[in-house]
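J.: This is the structure I want to talk about, given as structure tokens.
The values are calculated or read from the model by the stated rules, or taken from the named source; none is laboratory data. Quantities reported herein were computed from a predicted structural model and do not represent experimental measurements. Positions of Cβ are generated from backbone atoms using ideal geometry, with glycine treated the same way; all protein chains shown enter the neighbour counts.
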Amino acid sequence: MAFSMQINGRTYTVDVDGDTPLLWVLRDLLGMTGTKFGCGQALCGACTVHVDGVATRSCVTPIESVVESQVTTIEALHTVAHGKALQDAWIELEVPQCGYCQSGQLMSAAALLEETPSPTDDDIDNAMWGNVCRCGTYQRIRAAIKRASA
Amino acid sequence: MSNSALGPQLNRRHFLKASVAVGGGLVVNLALGPDFSAAAADFAPNAFIRIDRKGLVTLVMPQVEMGQGIYTAQAMLLAEELEIALDDVKLEHAPLNEALYAHPMLGRQMTGGSTSIRAFWTPLRTAGATARTLLIQAAAKEWNVDPVTCRAEDGFVLDESGTRKLAYGELVDIAALLPVPAPEDVTLKSPEDFKLLGTSAKRLDTPGKINGSLNYGIDAFPDGTKIAAIAISPVLGGKPKSVNEQAALAINGVRQVVLTDEAVAVVGDHTGAAKKGLEAASIEWDDGPNAQVSSADIVRHLEQESQKPGAIARSEGDVTTALAGAAQRIDVVYQLPFLSHAAMEPMNCTVHVREDACELWVGTQNLSAAKLAAVTVTGLEPEKIIINNHIVGGGFGRRLEADGIAHAVKVAMHVDGPVKVIWSREEDIQHGYYRPYYYDRMSGGIDEQGNPVAWMHRVSGSSIFARIAPGAMQNGVDPDGVEGAAHPPYKLPAIQVEFNQVEPQGVLTSWWRGVGPSHNVFMVESFIDELAAAAEADPVEYRKRLLTENPRALRVLELAAEKADWGKPLSARQGRGVAVQFAFGSYLAMIADATVEADGVVRVTRIVTAVDCGLTVNPDTIAAQMEGGALYGLTAALYGAITLKDGRVEQSNFDNYLPLRIDEAPHVETHIIPSAEPPGGIGEVATSAVFPAVTNAIFSATGRRVRTLPVNPADLREA
């Protein structure tokens, strides 16, 4: 059936089953491929988007659950508070290696700074724990979050 | 850099032209036919550089970017000699063309083994210098002066006084008509004149990685792309027995069910539909001959085979006599598990099989293997295979294998239009080409002073070379199987190293980050630590005394020890461990600090590395590779193990094949020793070294020697 939703400030309508994960709607039907598939089980965070400002794993979020919500993806991160500062810090500190997880890392980091503008190491651990990076960029992620929050 | 502008049509047209003129080998002195420059309208003196009339410089990347920073490093090699800044260059992936882009050391169009800089250091600099030489000649011709009086600088050629200057774009037409000099007639810059090389230039691939705009293979959606979810037989060699096609087709958005010999794919409008359809298909499998395979049996078999003598990789001195006469003798067994690569980008490949061609969209480390896989499945001629390669979302060796491409092409043979075959994370972990299980026996003897008198190392495990390049085997020895074992950095008066090829039933094996050294350095650096302990010597002092004839290794060790505060006291249950290695052309010393909690859980809190990798290209990239390489290995040391039961891999996703997470990540410090030696590799060195650095730290903390990985906290509980 048809579902309409707000993504990055625009309205989109798709015709899929209600249990279809938001991730596949974004990637396969709407062409927003910046949000990545990593595990399909909310275990790695590569698919993180904001649903009403909350960091959310889109791979386990049914499309029918977000019709009333504002979804923000990596493509619009620069429009979110702290988004641009995080992107600048990511470049400044050369955070990404393969880069595949970094959309999710940045979305989680932006949600963290929205909630906690000056996070401690523990705050960073708690907010970023669900975002896996197999290239091992964690120490730069930590430093870049601190830089963006300064 | 423009990633979206990787116009394959343009590339193919251009390089088809070039390849006609070339013939074979890595060619930088491509002779331009008279019609070539007219057709291309660019100045393209070789396969790596194109400059158009507007001055836009396009650099073609022969090696694949998978996070290691090679696109930036290759661009730096070209730009240094070409005398341009990196700001405005455009990068393109090399198309499939082995004549132009084969790796000079590996002979195929592939990226691996920490060889990219070593292999392309001279060819890419020569390519840049060739273009620079021609642009200078073009300007000199324009001004009617001797080229030696002109110089190139930041995209311009200047005359002797510096008053006249011409931008590269203005010289394109003249330069394109000049004869290309032979490589030996091109002068490379002297390292003291480097402006870019040796600096931490910003990575060119970062901007697209922070806003979602960079396309990986999984992001390629040629017009009309359908998505396929795939289930491959859970047991190697098994086949689908029954499939409920009707149930799959009843799912909204499912279009087609495809059966291949060993897999079932459900094709749909989007991944959600395809996955749901695959589940509805309720596949039953005929498990075939490997239905009973278990890890326990594989290890038992290795244990038995490891008792037999292996093929001799190295034998110097009389080890048997030396062992018999030793003041103390130590005999140990080390075991390393099967490992999955678990790159963040799951295996995927988009394929369009047409009547006259097979086009792929994929991120691969190995275009040669990808081509071969497509040729084998389709029966098409090699020149009918088109590969649109992409930046890779994690390789670690997994994308050297083309099995995922073969599976995808098999599915695509049945699909009208392009189809993207995506593996679930479960498929990715359960259908790997795993790092082999190794079962190594080591024996050593020390004299009254504690010095080693005998060193015996027998490697037992799968041989990757025997499968992919049997010609590389040397009298039964797999050179990768003993890399890092045959030549430890230490002075050892009698040494014997053997290789015992033992293939596991029902398991595929392949390269994993760090390859031979990531296996053998664990054994060698654990064992030298055991000898030091037997000699009641400090682990660093003991190594230093055996490195007096190896100055570069000694220097990295001394620097790491100084920076890591070696010798400063630690609290109870804290330990500090060291490892030294020469691998991939680079010297590395690593010191890890670990705390072992009362319940046996190990926390690595700090890692210090000192590296001598010769002349550096980009120091920040070296640091990034030390950080990432160390964490990749640390993850495996603490958690990594693929095990099998009833022929099936028991792990499936990140809840049981655990990745290291941010709260467990130690701070990694990198110290680079300035060097004028030829460049060495850096992408894998820290991965190899971290295994023993950590287990030696655990020994220092607890007195318990970890000889089997991954670390088992139950063995380390406080007594």
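J.: Would you confirm whether or not the range B:633-642 contains a residue that is under 30 Å from B:Ala714 (Cα atoms), assigned to a loop (DSSP other than H, G, I, E, B) and not hydrophobic (A, V, I, L, M, F, W, C)?
T.: For the range B:633-642, residues under 30 Å from B:Ala714 (Cα atoms), assigned to a loop (DSSP other than H, G, I, E, B) and not hydrophobic (A, V, I, L, M, F, W, C): present.
J.: How many residues, within the range B:413-442, are in contact with a helix residue (DSSP H, G or I) (Cβ under 9 Å, 6 or more places away or on another chain) and either part of a loop (DSSP other than H, G, I, E, B) or more than 14 Å from chain A (Cβ to nearest Cβ) (or both)?
T.: Qualifying residue count for the region: 14.
J.: Do we find a residue being away from chain A (no Cβ under 13 Å), surrounded by fewer than 19 Cβ atoms within 10 Å (Cβ to Cβ) and aliphatic (A, V, I, L, M) anywhere in the range B:187-195?
T.: For the range B:187-195, residues away from chain A (no Cβ under 13 Å), surrounded by fewer than 19 Cβ atoms within 10 Å (Cβ to Cβ) and aliphatic (A, V, I, L, M): present.
J.: I've got another one for you. If B:Asp52 passes every condition in (1) under 19 Å from the mean Cα position of the chain (by Cα); (2) of a type outside the set (Lys, Arg); (3) modelled with pLDDT of 95 or more; (4) surrounded by fewer than 24 Cβ atoms within 10 Å (Cβ to Cβ) but one, which one does it miss?
T.: All conditions pass for B:Asp52, except number (1).
J.: A further question on this structure: For the range B:643-665, which positions are surrounded by fewer than 23 Cβ atoms within 10 Å (Cβ to Cβ), more than 10 Å from chain A (Cβ to nearest Cβ) and outside any loop (DSSP other than H, G, I, E, B)?
T.: Answer for the range B:643-665, where residues must be surrounded by fewer than 23 Cβ atoms within 10 Å (Cβ to Cβ), more than 10 Å from chain A (Cβ to nearest Cβ) and outside any loop (DSSP other than H, G, I, E, B): B:Lys645, B:Arg648.
J.: Select from the range B:697-708 the residues that are touching a helix residue (DSSP H, G or I) at 6+ places or on another chain (Cβ under 7 Å) and more than 19 Å from B:Asp331 (Cβ to Cβ) and write down the one among them that is surrounded by the fewest Cβ atoms within 10 Å (Cβ to Cβ).
T.: Checked the range B:697-708; the qualifying residue surrounded by the fewest Cβ atoms within 10 Å (Cβ to Cβ) is B:Thr702.
J.: Just to check your reading of the model, which residue among A:Val71, A:Val67, A:Val25 is crowded, with 24+ Cβ neighbours inside 10 Å, more than 12 Å from chain B (Cβ to nearest Cβ) and more than 18 Å from B:Gly393 (Cβ to Cβ)?
T.: Of A:Val71, A:Val67, A:Val25, the one residue that is crowded, with 24+ Cβ neighbours inside 10 Å, more than 12 Å from chain B (Cβ to nearest Cβ) and more than 18 Å from B:Gly393 (Cβ to Cβ) is A:Val71.
J.: Which residues, counting only those in the range B:554-575, are under 22 Å from B:Val596 (Cβ atoms) and either of a type in the set (A, V, I, L, M, F, W, C) or more than 32 Å from the chain's Cα centre (by Cα) (or both)?
T.: If the condition is that a residue be under 22 Å from B:Val596 (Cβ atoms) and either of a type in the set (A, V, I, L, M, F, W, C) or more than 32 Å from the chain's Cα centre (by Cα) (or both), then B:Ala560, B:Ala561, B:Ala564, B:Trp566, B:Gly567, B:Lys568, B:Pro569, B:Leu570, B:Ser571, B:Ala572, B:Arg573, B:Gln574 are the ones that fit.
J.: I would also like to ask the following. Does A:Leu43 satisfy being crowded, with 18+ Cβ neighbours inside 10 Å, at the interface with another protein chain (Cβ under 8 Å from one of its Cβ atoms) and farther than 30 Å from B:Gln68 by Cβ?
T.: Judged against the criteria, A:Leu43 is not a match.
J.: Which residue is farthest from B:Thr635 (Cα to Cα), if the candidates are limited to the range B:666-678 and must be buried (at least 21 other Cβ atoms within 10 Å of the Cβ) and not hydroxyl-bearing (Ser, Thr, Tyr)?
T.: Here the residue is B:Val668.
J.: Going through the range B:355-370 one residue at a time, which ones are part of a loop (DSSP other than H, G, I, E, B), under 16 Å from B:Gly393 (Cβ atoms) and out of contact with any His (no Cβ under 9 Å at 6 or more places or on another chain)?
T.: Within the range B:355-370, B:Gln365 is the sole residue that qualifies.
J.: State which residue pairs qualify: first residue assigned by TED's automatic domain parsing to the domain that holds B:Leu158 and in contact (Cβ under 8 Å) with a residue 24 or more places away in the chain and inside the range B:119-138, second residue part of a helix (DSSP H, G or I) and surrounded by fewer than 23 Cβ atoms within 10 Å (Cβ to Cβ) in any location, beta carbons under 7 Å apart, and separation of 6 or more residues or different chains.
T.: Correct list of pairs: B:Thr126/B:Pro183; B:Gln137/B:Pro147; B:Ala138/B:Ile174.
J.: Suppose we keep only residues that are small (Gly, Ala, Ser) and within 11 Å of another protein chain (Cβ to nearest Cβ) within the range A:110-150. Which one would you say is nearest to B:Thr72 (Cα to Cα)?
T.: Top of the filtered list is A:Gly136.
J.: Out of all the residues in the range B:490-529, which are closer than 30 Å to B:Gly703 by Cβ, of a type in the set (Phe, Trp, Tyr) and within 25 Å of the chain's Cα centre (by Cα)?
T.: B:Phe522
J.: Also, I was wondering about something else. Suppose we filter B:Asn252, B:Asn215, B:Asn244 for residues that are surrounded by fewer than 23 Cβ atoms within 10 Å (Cβ to Cβ), touching a residue at least 60 places away in the same chain (Cβ under 8 Å) and out of contact with any Pro (no Cβ under 7 Å at 6 or more places or on another chain); which single one remains?
T.: Checking each option against the conditions leaves just B:Asn215.
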